Every structure is written in C-alpha cells, then in structure tokens.
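Step one of this worksheet: look at the structure below.
The values are calculated or read from the model by the stated rules, or taken from the named source; none is laboratory data. Quick caveat: nothing in here was measured; it's all calculated off a predicted structure. With ideal geometry, Cβ positions are generated from the backbone for all residues, glycine too; neighbour counts draw on all protein chains shown. All accessible areas refer to the heavy atoms of the entire protein, side chains included, with ligands and DNA or RNA removed. Shrake-Rupley method; radii C 1.70, N 1.55, O 1.52, S 1.80 Å.
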Amino acid sequence: MAARLDHSRWKPAHTRIATALGIGWMLDAFEVQIIGSVIPGIQAEFGLGAGQAVTINVVWFLGIAVGAVGFGWLADKVGRKRLFVATLLVYSIAAVASSAAPSYEVFMVFRFITALGVGGEYSAITSAISEFTPARNRGRSNGLVMSFWALGGILSSLVSILVISTFGLTWRYTLLFGVVSAVYGLLARRLVPESPRWLASRGRLAEADAVVEAITGQASAEGYALPPSSARGGSALGELWAHHRSKLFLGMALDFSEAAGYYGLFTAMSVFVFSSASGAVPISDAALPYYFLIANVGALAGGVLIAWALDRLGRKPSVVAAYTGASLSMLGCAAAASTGSRALVLVAFTVAAFFATCAWVSAYPTFSEQFPTHLRATGVGASVGVGRMGAVVGQVLLAEVAVAFSVTSMFVLLAAFWLIGSVAGVVWWSRGVEARGMTLGDLEHVPAPVGS
C-alpha cells in the first residue's frame, strides 16, 4: 500500500530520485536565467531596444504557461516519468536551435518552444517529488529539490563568466549548453522510476507495488491496495474547479505572486538597474554575470533555509513569513538603488533573492501536495499557467512604471506583487489544512474549506 511510501525511512533510492529530479530542475533554471546574463549581447547583435528585450521574456512566460497546462494534463494521463524525460529533450533541443537563430524572429520561435518544455518540467517534477517521499520528509525534500533552481542560476552565471567574460565568445555559445540537458534527458530515464501513486491511480497495481518495494525495500502480502477513491470523473480541470477550487485558488495566487515578483526582480535588475546603456546603477556587461552569481548564492541559502522550515515550522507560517519578507526586501532594493551605490544595490539584490527564493520554494510543496494524485500535475500546471500570466503582467507593468515614473515606483510595484502571496497565505492559514507530517492519502480526504 501507499503507507509503505508514507512511513518509510529515507532510503538511498529516495536520494537518487530526488537528486535526479533536482538536476533536471537545475537545468531548467539554467535555461531560464541564462537569458539575464546574455540579453545585452542579444540586444546588440539584433539591434533591439528595451521593449524588445522585455518581449523576449514575455514570449518565454507565455510558452511556459502553455507548456505547464498542456504537459501538466498529459502528465496525469501518461505519467510523470515520460513527461519529465520528454520535456527535457524538447527544451534542450530547442535551446540549441536558439543558439543558431539567424534573426530575432527565428530566435523568438525557438525560445517559445524551449519554454514549452520548461513549462512541462514544472508540472512533472513538482508532482513527482511529492509522490515518492515519506510524509515526514516531504516538505524538506521538496524544498531541497526546488533549491536546485539556485544552483542552476549559479551555473548560468559561471557559464556566462567563462564563455563571455573569459573567452570573449558570444551569447550563442552559452545556449549550446542545452546539449548537456539533452544528454541528461537520456540518462534520467534510468534514474527516475514512474510514480507508484500515478501507476495505482491508473489501475496498474502490480507495477506500483514493484516500484514501492524497490524504493522502500518493504514487501506487502496484499500488494498495492487502492484507498477509497475520491475521483469523480469528467475533465481534470472541471473536477478541480468543482471540488478543489480553494486549493486551485491557493496555487494560482501563490504562483501568480511569485512569478510576477521573482522574474520581475531579475528583469528589473538586468534591464533597469544594472544595464550599461540606461540603468540606474550601470555596470559593464562583462561584470553582470558576477552580480547574478552572488545573488544566486543568496537564493540558494534561502531555498535551503525554507526547506528546513517547511517540516520544522509548518507550511502556513513558512509561506506567510517568506512572502512578507520578499515584499519588504523589494523596498530595500528601492532604497539601495536611490543611493547610486553598486555595493548597496548588490547587497539589497542578494537579500531580495534570498527572500524571493524562500517564498517560491515554500509555495510549490505547499500547493502541490493539496491536489489528489490523479489531478496533481493538472493542478500544478494550471497554477503555473496562471503564474506565468502574472510574470507577463509583471514584465509589462514594470517596464511601463519604470519608464513613466521611476525605478523606486517599479520596486514598490514588485512589493505589491509579493503581498498577493502574503494575503493568500494568511487566508489559507485561517481556513486550510496544515499538511506538515500528513500523508498524501490523508490530505486527499480532508474536507475542502467552507466556501471552496
């Protein structure tokens, strides 16, 4: 039964699966963040203005939204493992193709396809890690897997420093790193088994039992027995909306807030603060990867801290504290930028990356575990899809506010974005369930909050 997964001690198989998923997540992060380091070179080669540079991010987020929703639905239909491997291959091949784009328009097409694959990874990885780990470790393990994102950011900075600053090569060579993701996608097929909970939800009980026994080392005379099902049939999104609406709203609100705030922060820094052409505190294009490297070290520290807090303090206080801290840190960035000091801005940026990562790393384990197994990837995909719309809105509004008003106003807007997550967390704290230590099976049968 699934109880063997929920009550198992942490095993080497858990470490292997978590690490494999984390490396996939790290490669996703590399693909997302590398653009911040190389966008000045893309602007220069294609003769782009600030508006077109922001459009690169807008197209990226639209692709992630479509990929998260579409591939999330597929992950509930055909399995987590297949989608994890397939989406890795899709985005890595498209990333390599982007490096050879002859024009801005062709680059945008391949960038959109790359984003489709990364969006699918959000759904596949977030769903899979929740379904493998013991209940007592679920928050910590999920948080640590999510923290591989900061390692991807650090990797993107190091690659940019090596390729652009050290060897003096162009942005095209950094995108060739997608080859590594393609090779890893082939290797990952051997490292990550199919989710036994998903197999059981599709009636493949013998396969589910074999995976559980391989992971935990525990056999069961009864095999993998299904708990009482809460499935009601119909479309996955329709079922989520009809019976799990409050959980869906939580995921959408937290993801909208973090996507608008997190990506807005990095765009604000690269385009409106550090830009050598028109930034409030300009630095050279060669120095930009070093600033992002330091900020991502702060992000990694934030992810590790919140991973510990999720199981030690609980989901509710962790989410609220992290989102509130992220909001306040945006005001710190505004104050630092107004001084014109590069050192103060770098410190403020690193602190902001720390709290921003605390926030989004706390969000994914919190809302993903709330969805039933047969709807989990769809629920995550829908939340991520709405979140990327938040990123699009954030990109457009930030650019308008920064140009029409000031950099300070831009950071105040970012603080407001993060407050959306704080409010959602407070509402959930008062009405939702604290999932710390609970099994996924128990969570499926908790009554929905009143009014959901």
| message | Take GLY421 and tell me if it is more than 15 Å from LEU248 (Cα to Cα), in a helix (DSSP H, G or I), open to solvent by less than 10 Å² (accessible area, probe 1.4 Å) and among the small types (Gly, Ala, Ser). | response | no
| Of the residues VAL396, VAL433, VAL426, VAL401, which single one is modelled with pLDDT of 95 or more and surrounded by 15 or more Cβ atoms within 10 Å (Cβ to Cβ)? | VAL426
| message | When the residues of the range 78-99 are narrowed to those that are of a type outside the set (A, V, I, L, M) and under 30 Å from GLY203 (Cβ atoms), which ends up modelled with the lowest pLDDT? | response | PHE84
| request: Quick one: which residue in PHE354, PHE367, PHE349 is of a type outside the set (A, V, I, L, M), open to solvent by 10 Å² or more (accessible area, probe 1.4 Å) and part of a helix (DSSP H, G or I)? | output: PHE354
| message | Being outside any loop (DSSP other than H, G, I, E, B), surrounded by 24 or more Cβ atoms within 10 Å (Cβ to Cβ), small (Gly, Ala, Ser) and at pLDDT 90 or above is the requirement here; does ALA321 meet it? | response | no
| Has the range 57-70 got any residue that is open to solvent by less than 50 Å² (accessible area, probe 1.4 Å), in contact with a Leu (Cβ under 6 Å, 6 or more places away or on another chain) and either not charged (D, E, K, R) or not in a helix (DSSP H, G or I) (or both)? | yes
| field | Matching entry among THR378, THR373 (being at negative phi, out of contact with any strand residue (DSSP E or B) (no Cβ under 9 Å at 6 or more places or on another chain) and open to solvent by 10 Å² or more (accessible area, probe 1.4 Å)) | value | THR373
| query | Taking the range 175-192 as the region of interest, how many residues are open to solvent by 30 Å² or more (accessible area, probe 1.4 Å), in contact with a helix residue (DSSP H, G or I) (Cβ under 6 Å, 6 or more places away or on another chain) and either closer than 16 Å to ALA13 by Cα or among the acidic types (Asp, Glu) (or both)? | reply | 2
| said: Taking the conditions exactly as written (surrounded by 19 or more Cβ atoms within 10 Å (Cβ to Cβ), within 20 Å of GLY385 (Cβ to Cβ) and not small (Gly, Ala, Ser)), does VAL32 satisfy them or not? | reply: yes
| task | Give the range 36-51 a look and list any residue that's open to solvent by 10 Å² or more (accessible area, probe 1.4 Å), closer than 17 Å to GLN395 by Cβ and touching a Phe, Trp or Tyr at 6+ places or on another chain (Cβ under 7 Å), or say none. | result | GLY36, LEU48
| Of the residues ILE23, ILE17, which is out of contact with any His (no Cβ under 6 Å at 6 or more places or on another chain), farther than 29 Å from ILE283 by Cα and either among the acidic types (Asp, Glu) or surrounded by fewer than 22 Cβ atoms within 10 Å (Cβ to Cβ) (or both)? | ILE23
| said: Only one of ARG204, ARG172 is of a type in the set (Lys, Arg), at pLDDT 85 or above and more than 30 Å from ARG4 (Cα to Cα). Can you tell me which? | reply: ARG172
| message | As an exercise: evaluate LEU310 against (1) surrounded by fewer than 21 Cβ atoms within 10 Å (Cβ to Cβ); (2) in contact with a helix residue (DSSP H, G or I) (Cβ under 6 Å, 6 or more places away or on another chain); (3) modelled with pLDDT of 85 or more and give the number of the one condition it does not meet. | response | (1)
| request: Return a yes/no flag: does the range 278-288 have any residue that is open to solvent by less than 50 Å² (accessible area, probe 1.4 Å) and either in a helix (DSSP H, G or I) or more than 30 Å from GLN43 (Cα to Cα) (or both). | output: yes
| task | Scan the range 438-452 for residues that are exposed (fewer than 14 other Cβ atoms within 10 Å of the Cβ) and either in contact with a helix residue (DSSP H, G or I) (Cβ under 9 Å, 6 or more places away or on another chain) or at pLDDT 80 or above (or both) and jot them down. | result | VAL450, GLY451
